[in-house]
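Below is one structure; the comments refer to it alone.
The values are calculated or read from the model by the stated rules, or taken from the named source; none is laboratory data. Bear in mind the structure is a predicted one, so any value in this text is a computation, not a measurement. Neighbour counts run over all protein chains shown; Cβ positions are idealised from the backbone, glycine included.
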Amino acid sequence: MHRCNACRKNVCDRIIGTLLNIKGKTKDEINAHKDLDEMGVRLELQPQPHGKKMYLSKSEKISFCACLRGVKVSQGYSSNIKSLVSMEDLKLTGLKSHDCHVLMQDLLPMAIRGILLKNVRQVITCLCLFFNAICRKVINPTRLDELENDAIILFVN
């Protein structure tokens, strides 16, 4: 598997896992918050007795999953996304590398529209755009410095 595809699948799985709070797939856990505390960064994300999690509420999960379940794509473009969405469990199952590519390229920014805080939506959308740019068959070498700067700004946010 192409390295970019594996990286994109891993990132996609973690975003979906965190948003939907899928056990074993989320990165929004107490140890991650403790790491921030030890590093002395992102004070607003350090452990709180009743801290706010970054995953979706039940109604937001329903909206997110319903949006993806309602997507229709051309035959051969991707898997039948509808078949990967479980409305009972409110999660996505059986995502292959190409499904993650389609999610990150086209569907994820659309599915989170209107259900996340603006700053969280912007970071996820920028991450999707970043992966689109670096995973193209041809990258304009003059854009590499710009992409590197975009990545720095993205990961600092």
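Only one of the numbered conditions (1) at pLDDT 90 or above; (2) within 18 Å of Ser57 (Cα to Cα); (3) in a helix (DSSP H, G or I) is violated by Arg121, and that is (1). Number of residues in region 89-139 that are in contact with a strand residue (DSSP E or B) (Cβ under 7 Å, 6 or more places away or on another chain) and crowded, with 16+ Cβ neighbours inside 10 Å: the value is 1.
Residues of region 92-118 that are in contact (Cβ under 8 Å) with a residue 60 or more places away in the chain, of a type in the set (A, V, I, L, M, F, W, C) and not in a loop (DSSP other than H, G, I, E, B): Leu92, Cys100, Leu103, Met104, Leu108, Ile112. Can you list residue pairs whose Cβ atoms sit under 7 Å apart, with the first residue in region 144-157 being within 10 Å of Val123 (Cβ to Cβ) and aliphatic (A, V, I, L, M) and the second being at pLDDT 80 or above and surrounded by 10 or more Cβ atoms within 10 Å (Cβ to Cβ)? Count only pairs 6 or more apart in sequence or on different chains. Once the first residue is within 10 Å of Val123 (Cβ to Cβ) and aliphatic (A, V, I, L, M) and sits in region 144-157, its partners that are at pLDDT 80 or above and surrounded by 10 or more Cβ atoms within 10 Å (Cβ to Cβ) give Leu154/Val123; Leu154/Cys126; Leu154/Leu127; Leu154/Phe130. For Asp106, the stated conditions do not hold, so it cannot be described as within 16 Å of Asn10 (Cβ to Cβ) and either in contact with a Lys or Arg (Cβ under 7 Å, 6 or more places away or on another chain) or not β-branched (Val, Ile, Thr) (or both). Scanning region 88-134 for residues that are over 12 Å from the mean Cα position of the chain (by Cα), within 21 Å of Ile152 (Cα to Cα) and of a type in the set (Lys, Arg) returns a single hit, Lys118. If you go through region 54-91 and keep only what is of a type in the set (S, T, N, Q), modelled with pLDDT of 90 or more and not in a helix (DSSP H, G or I), you end up with just Ser86.
Looking at region 69-88, which of its residues are farther than 23 Å from Ser59 by Cβ and exposed (fewer than 14 other Cβ atoms within 10 Å of the Cβ)? Result: Lys72, Ser74, Gln75, Gly76, Tyr77, Asn80, Ser83.
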